[in-house]
Structure formats: C-alpha cells, structure tokens
Amino acid sequence: MTPRFREQSRGRRRRPVALGALGLVLVALMVPMPPEAVSLGGEPTPFRWDAAEMFESLEAEFEAVRGMTVEEARVATEVLDDEGGDLLERVAAADVLPVDALEQLAELQFRYGVLGAAHPDLLPQADAFVTDARVQVMRAAAAWPAERATHEALYRVVFGGRLTMEEAIVQAGPIVPDLVPIEDIPSATPFIDVQGVRVHSGDILLSRGGAPTSALIARGSDFANTFSHAALAHVDDETGVGTVVESLIETGTVLTTVEEYLESKKHRILVLRLRPDLPELQADPLLPHRAATTMLERLRAEPAGYDFAMDWADPERMFCSEVIYHAFSELGLHLWSHRSAMSTPGLVRWLGAMGVREFRTLVPSDLEYDARFRAVVEWRDVEALLDYRLDNAITDALLENADAGVDLGYAWVMRPVGRALKGVSMAQAALGSMPLIPTGMSSDAALRVRALVEVVNPTVKEALVARAEAFEDERGYPAPYWALVELAGQALDSMTTELGPSLR
C-alpha cells in the first residue's frame, strides 16, 4: 500500500522504538519530561501522566481488539458506554473534585480510542463519546475550586480526549468530520454566521497555526497543548460586521476581518464562550460584547506593539492572550484563573534568548480548562493532521535536546546581516510598512527564529517523513505519535552536520 505520509507530504532516548501497538494510545504521554524544572515562584513543574501500568494494559487490550469482529467490538463499546455513564454520574454528583473518577474517565477514553483505531466503523461513536464526556465534565467543573488540581483533572479529560481521537483518526483514516459541534451555549450578544457556525461578540477563538513557532508555543507550556493563539471576536450590533481582535508577532495588535482570519493557515480553531449563568453575566448579559467593543475601539485609535517579554501585567504592549485579558479585566472580569508556566530549563533558555521575560503567564490553551467557559464548536483540519503531528514531534524532540543543553543558533557571519536587516526594519516601521524583523524583536532573536523556521524544522521534517514512511512500510500502519517523537529524536541525533550552527 502507499503510506499516507507520502500522500500528505508532496525517539527518543528514553527507550528504543519498539513500541508495538502500545504507541496507538500513548499520544498523551508526549509532553516533554525533563529531569527537573526551574523555580519561577511556587516551583511550577510540567504535568506528568504517571500512568505506565494503564498503558501496559492498553497494549494487551489493543491486541485483543484487533482480533475482534466488528460486532464483538460494538459490544465492547456498549460496555464502555455503561462504564462511562456511571463515571459521569459520579462526577456530576461529587461535592468535591472527583480526581479518581476523572482519572478513570480519561483512561476509558483511551480504551474507546483503541476500539476506534482498530475498527474505523466505530470511530464516529468514539468521537461522540469523547465530546459528550468533555461537555458533562466541564459542566460539573463549575462547582470545583479554580486551582492546579482542577486544571490538571480537566486537562486529563479534555486534552487526553482530543489526543486520543487524533491518534485514532490517523490510524483509522480521516472518516470523521472536520467540524465538531460541542455545546450550544446561549448568549445575548450580537452574532454572525461563519460557515454555518454562530459566533457571538465576545467569544474567544483559540487556534493553532501551521508555523514551527506555533508548535513551540503550544508544546512548550508545562501543560503541553494544542493551541498557540487566542483572539477575541467582535460583532457590530448595528452593521453585523464581524471583526477578529488579536495581536500578531509580525504586527502587534490588529483588527482582522473574519475572512482574513480564516485565510491564514490554521490546523484547528476552537470557539469558547463564557457561561451565561456567571454572576458577572447575570448582572450584565452584554458584558462580553462590551469588552470586545472597548478593546476594538481602543486598538482602532491606538494599536499596541507586540509584547515579546510576555509581561501580561503591562497593557502598553500586548501578546495575543493579553488582548483578551485586558479587555475583560477592565470590566471587572479577570480571566486565567490558572496561569501555566513555561518552566523547563531548556525552554526557558530558548525563549529567554528570544526576549521572553515572564515565564508564568497567560497561555492561550489555559482558557480551555477554565470552567467559566464552554467550548461551542471545534474545527479541525483532519487532512492536515499528519503534518501537525510532525511539527509537534519535532518540537518535543527539540525541547528534550534543549534540556540537555542544546541551543538555537546561527553562523556568526549572519550577525552583521541581521543587524543591517534590523536597521532596515526600523526604517520600514517608521514609514508605516511591514518590517522584515518585527518591532520589538532583536536581530539576534530574529536570527534564532529564522534558524528554527527555515533550517531546523524543515531539515528534520524531511528526515522524519522518510523515517515515518519506512516505519509504515515495515509495520503496515502509520507511526503513532510516540514513535514519531522517537524518530524525530533519532533524526536530530544523526544530523549534527546538516544543522550546523543552527542547533549547537
């Protein structure tokens, strides 16, 4: 057969690549796990699944499922449905955070994913189960304290469910829809119909871009995530015109048309909406619209530069999440009840060299696990899933190298070139043109970003695709994510010469 990697593309050191079927369900273990975390106040640490025994049992379960008929597998899904229903009843009835029940639910999702991966006819049913579990758990979470333990528990279910489905889709084929309706949340604010989806003024748009830097942002947090960007939707209550209020590295804050927002390369978009039963929205149902309107008018009058330091407390410059944070905080609603950190030593060193100064900050994906929000709909580019996973795997392998002391770099002869380009960029910005190097980014940081985007990622990706094709030719199925990370690590280890000063 022709490997799907070939159709789409016109390991690390922990253990060798001998994963067997276990890799089909190990997607959620792919957060970078360094030996220690730096102290950034409160000693943040990366999230760890600590579920080796569970995954060992899943390997045996997968082997059994592969030998089942479809009818036998359907009976197995009925058992999982019953178990899942019981767990969700326990979650809904719990007076305190039901950690055990949520951990069991996360495990059950993985088991459902195994069935969907082995029997594609069951994939839509597994998708529906994961979506329903997310909805019911987020509803119950409204009564739980806004603390790390809650964030961790929701992350297990929500992020674990998404990764389970990603792995199952890759193994079974893209037979599920791109658009996933999650929950219809009422809102009193103006709305616009966007390709069949009703987007309200004040909705939050989480997205994942297609650039290697997007993978670094998404995977680098202590809670490795899907999304790398956050934006605020605004709908004019008189004209019905929709605008996306956001901040981009290239430009700083910008007002984008809905069409322009959708045209930029994105692997995923998730629409989040504040719960209408929040006390703040009960007192003022139009609060989200007022927040979006206030920020839109402010930035229309005086755009803000991009905040490369990621200093969320200073609104003079803003990165993407700050646009949302300051829009609502000015009206008394302070979002980001949990602020993740970027605490692994290698990542801190890399981002510090790019200008970041605040490492416990407003991570876009954290809003997904804030019980004040509900997910309305998610669009996922199923056909681009393989490329998205390649970027994630390369990034995870790079972060392991970073923790071992490897740095992004560039040839010394590029330094005067970078400085010259920075001078040209300053002149371009003064004349109102798009600068070659974004305002606020140093020439040194720009050269490091260039090394990642133009040298390291594409070079490693080419080698990784070849290794993934060989894996599929040998095994008869696409390389699971865990295997991709292993293969990306092997490619990095073998490419010291090719990567030269870009990775040293």
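Couple of notes before you dig in:
- Complete set of residues in the range 326-358 that are crowded, with 20+ Cβ neighbours inside 10 Å and part of a helix (DSSP H, G or I): His326, Ala327, Phe328, Gly346, Leu347, Val348, Trp350, Leu351
- Annotation for the range 479-495: at least one member residue is outside any helix (DSSP H, G or I) and either in contact with a Leu (Cβ under 6 Å, 6 or more places away or on another chain) or surrounded by 19 or more Cβ atoms within 10 Å (Cβ to Cβ) (or both).
- Candidate set from the range 187-222 (those that are modelled with pLDDT of 95 or more and part of a loop (DSSP other than H, G, I, E, B)); member that is nearest to the chain's Cα centre (by Cα): Asp203
- Which numbered condition Ala427 fails, given (1) touching a strand residue (DSSP E or B) at 6+ places or on another chain (Cβ under 8 Å); (2) surrounded by fewer than 21 Cβ atoms within 10 Å (Cβ to Cβ): (1)
- Matching residues in the range 232-288 - criterion: being under 22 Å from the mean Cα position of the chain (by Cα) and on the phi > 0 side of the Ramachandran plot: Gly252
- Take the conditions (1) in contact with a His (Cβ under 6 Å, 6 or more places away or on another chain); (2) at pLDDT 95 or above; His151 misses just one of them, which is (2).
- Of everything in the range 279-299 that is buried (at least 18 other Cβ atoms within 10 Å of the Cβ) and aliphatic (A, V, I, L, M), the residue that is farthest from Ala233 (Cα to Cα) is Leu281.
- The listed residue being modelled with pLDDT under 90, within 12 Å of Tyr369 (Cα to Cα) and small (Gly, Ala, Ser), out of Ala146, Ala118, Ala142: Ala146
The values are calculated or read from the model by the stated rules, or taken from the named source; none is laboratory data. Because the structure is predicted, anything quoted here is derived from the model rather than measured. Cβ sites come from the backbone with ideal geometry, for glycine too, and all protein chains shown count toward neighbours.
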